[in-house]
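Visitor: I'd like to ask some things about the structure below.
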Amino acid sequence: MNLLHGLEGLAQLSPGSILSIGNFDGIHRGHQRLLETGRQLRSQMSGARLACVTFEPHPFTVLRPTHAPPRLTPLDLKRELLAEQGVDDLVELSPEPAVLGLTAEQFWAILRDQCRPSHLVEGSEFTFGKSRGGTIKHLTQWCAEAGIQLHIVPPVQGVLLDLRLVDISSTLIRWLLLHGRTREAAMMLGRPYALRGKVIAGHQRGRTIGVPTANLDCGTQLVPDDGVYAGQCIVDKNVYPCAISIGTLPTFADSNRQIEAHLIGYDGDLYRRVLDVQVVRWLREQWKFDGVDELKRQMERDIRQCVQWAGEDACRFISV
């Protein structure tokens, strides 16, 4: 995948590209439908390229920092997922005044005159330009005038475990994760939610009781609600079931929120490595135990549950 930056990057796109613009945080099933549409168009056109334009980071980090949504996908993971979806060119726009100050008309003029795409693929709620002044209605009119084919993709719907039908969005997935509903988040994403983090030094209490854990620093990525989860992690092409603890350590009166993953069956040093830990199934809340022995017995029960889950098809509940 070719990586481009800024308004200069927009001008470097190949004329006649198939273009989709959005934040693409999570690369969920709705985003995947947009990109699938783009791939289908590309297959019908000789030499055409599929391009995505996205803000990096989210514009709210500048416009309304206190309201900026936590990331579902760190930048490197976002790039990897877009490449896996067949994107040829990715343009990352920085949320700087020269970009954020562009009106819808000005941004459209850049697309029309400098990018010169043959097709645009967008969702029905797409907006663009300063104060989100450009709408699908505007885009429909302007594309028709410029001879650019606009493909409007309706929302992709998913079914929650209570059988409610919902429109899939990054906002919904964040809400599900913040309420510990990781299985439903996976159903909306089309894959288990993965925490990408660097293994940092911890208190090493787990090692002293025979349950070593990798302590993850996940930066600004959204971390699911506090609790104990079952999941999995791939290390050196081997898949290890995981027991994952998110939250404080009440048994040790430690109020610092931590992310700890015990890779079941792994024996080695993970310090400073970057791991993708898939948080798949909520097991229980964080509890305060009377002592280390009681904690260890519960951890052994948690591990047995994780092993039992790992023997099943981890993605059998993901509807695509």
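Any read-out appearing in this document is the output of simple, stated calculations on the displayed coordinates, not a laboratory observation. It should be emphasised that the depicted structure is a prediction, and the values quoted were computed from it without experimental measurement. Cβ: placed from backbone, ideal geometry, glycine included. Neighbour counts: every protein chain shown.
Visitor: Using the Karplus curve 6.51 cos²θ - 1.76 cosθ + 1.60 with θ = phi - 60°, what ³J(HN,Hα) values do you get for each residue of segment 165-181, in whole Hz, with x for Gly and Pro?
Guide: Values, residue by residue: 8, 9, 7, 6, 8, 4, 4, 4, 5, 4, 4, 4, 5, 5, 10, x, 8 Hz.
Visitor: Where does helix 29-43 land angle-wise versus the long Cα axis of the chain, in degrees 0 to 90, nearest 10?
Guide: 50 degrees
Visitor: If I build a Gaussian network model for the chain, linking alpha-carbon pairs within less than 10 angstrom, which residue out of Leu189, Leu13, Leu111 has the largest mean-square fluctuation?
Guide: Maximum fluctuation in the GNM of the chain, among the listed residues, is at Leu111.
Visitor: Dipole magnitude of the chain about its Cα centre, charges +1 at Lys/Arg Cβ and -1 at Asp/Glu Cβ only, in debye to the nearest 20?
Guide: 240 debye
Visitor: Which order do Ile136, Ile168 fall in if you start with the one that has the fewest other Cβ atoms within 10 Å?
Guide: Ile136, Ile168
Visitor: Compute the distance in nm between two label points, each set 7 Å from the Cα along the Cα-to-Cβ direction, one at Gln149 and one at Tyr271.
Guide: Modelled inter-label distance: 5.7 nm.
Visitor: Identify which of Arg164, Arg272, Arg71 has the largest mean-square fluctuation in a Gaussian network model of the chain, with springs joining Cα atoms closer than 10 Å.
Guide: Arg164
Visitor: Put a dot 7 Å past each Cα toward the Cβ at Ile209 and Asp226; how far apart are the dots in nm?
Guide: 1.7 nm
Visitor: With springs connecting C-alpha atoms under 10 Å apart, model the chain as a Gaussian network and identify which of Thr73, Thr208, Thr171 has the largest mean-square fluctuation.
Guide: Evaluated over the chain, the most mobile residue of the options is Thr208.
Visitor: Using amide H atoms built 1.01 Å from N in the peptide plane, name the residues 5+ places from Val280, or on other chains, whose amide H lies under 5 Å from its own.
Guide: Correct list: Ala230, Gly231, Gln232.
Visitor: Shifting gears a bit: Can you work out the Karplus-derived ³J(HN,Hα) for every residue in segment 268-279? Use 6.51 cos²θ - 1.76 cosθ + 1.60 with θ = phi - 60°, whole Hz, and x for glycine or proline.
Guide: x, 9, 9, 4, 6, 7, 9, 10, 9, 9, 7, 9
Visitor: Relative to the longest principal axis of the C-alpha atoms of the chain, give the angle of the C-alpha long axis of helix 292-310, reported between 0 and 90° and rounded to the nearest 10°.
Guide: It works out to around 50 degrees.
Visitor: Gain in length, Glu125 to Ala11, computed as 0.36 nm per residue apart minus the alpha-carbon separation, to one decimal in nm?
Guide: Length difference between fully extended and current span is 38.5 nm.
Visitor: With the alpha-carbon atoms as the only input, what is the per residue convex hull volume for segment 2-155 in Å³?
Guide: With only Cα atoms used, segment 2-155 gives 104 Å³ per residue.
Visitor: Here is a follow-up. Between 0 and 90 degrees, rounded to the nearest ten: what's the tilt of helix 75-84 against the longest Cα principal axis of the chain?
Guide: Rounded to the nearest ten degrees, it is 70.
Visitor: Next question. Given all pairs of different Cα atoms, what value in angstroms does the Kirkwood hydrodynamic radius of the chain take?
Guide: Value: 21.4 Å, from the Cα pair sum.
Visitor: Over the chain, what is the percentage of antiparallel beta bridges among all DSSP beta bridges, to the nearest 5?
Guide: 65 percent
Visitor: Now for a separate question. Starting from the Cα of Leu75, step 7 Å along the direction of its Cβ; do the same at Asp113; then give the gap between the two resulting points in nm.
Guide: 3.0 nm
Visitor: Same structure, new question: Using the 10 angstrom Cβ neighbour count as an exposure proxy, how do Ile246, Ile234, Ile303 rank, fewest first?
Guide: Ile234, Ile303, Ile246
Visitor: Just add up the charged neighbours of Pro70: K/R +1, D/E -1, any other residue whose Cβ is under 11 Å from the Cβ of Pro70.
Guide: So the environment of Pro70 carries a net charge of +1.
Visitor: Oh, and also: Residue by residue through segment 2-15, what is 3J(HN,Hα) from phi via Karplus (6.51 cos²θ - 1.76 cosθ + 1.60, θ = phi - 60°)? Round to whole Hz and write x for glycine and proline.
Guide: 8, 9, 10, 9, x, 4, 5, x, 4, 5, 8, 5, 5, x
Visitor: Mean residue ellipticity at 222 nm from the helices of the chain, using -39,500 (n - 2.57) per DSSP H segment of n ≥ 4 over the full residue count, to the nearest 500 deg cm²/dmol?
Guide: Computed mean residue ellipticity for the chain: -8500 deg cm²/dmol.
Visitor: Starting from 0.36 nm per residue, how many nanometres of slack lie between Val239 and Phe289 once their C-alpha separation is accounted for?
Guide: Additional length available on full extension: 14.9 nm.
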